[in-house]
Amino acid sequence: MKARVQEMRAKVVEAEAQVPLAMAEAFRSGNLGIMDYYKMQNISADTRMRDQIATPEQGPEK
C-alpha cells in the first residue's frame, strides 16, 4: 500500500508541474487575462487564510 501511495504522490507532483506551463500557454493564446490571473491568486490567498484560521493553534508543550 505504501508503494501505491508513493505512486499517487508522484502523479500529483507531475500534474502540479504542468500547471504553470498550461497557464503560460493560456496567457499566450489569450484564454487567460491578467485580471483572471489576479482573481485566481486572490482566491488562492483567501483559501490559505481560511485554512490557517480553521487550523487550531498549537500551544507550547507542557
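Relative to the first principal axis of the alpha-carbon coordinates of the chain, what is the inclination of helix 34-54, with its axis defined by its Cα atoms, in degrees from 0 to 90 and to the nearest 10?
That helix lies at roughly 10 degrees to the long axis.
From the square roots a ≥ b ≥ c of the eigenvalues of the alpha-carbon gyration tensor of the range 2-54, which class results: rounded (a/c under 1.5), prolate (a/b over b/c), or oblate?
Since a/c reaches 1.5 but b/c is at least a/b, the shape of the range 2-54 is classed as oblate.
Mind ordering 20-28, 3-11, 50-58 by average Cβ neighbours within 10 Å, highest first?
In descending order of packing, they fall as 20-28, 3-11, 50-58.
We did not get these values from a lab; they are worked out from the coordinates using the rules stated. It should be emphasised that the depicted structure is a prediction, and the values quoted were computed from it without experimental measurement. Reconstructed Cβ throughout: ideal geometry from the backbone, glycine too, with neighbour counts over all protein chains shown.
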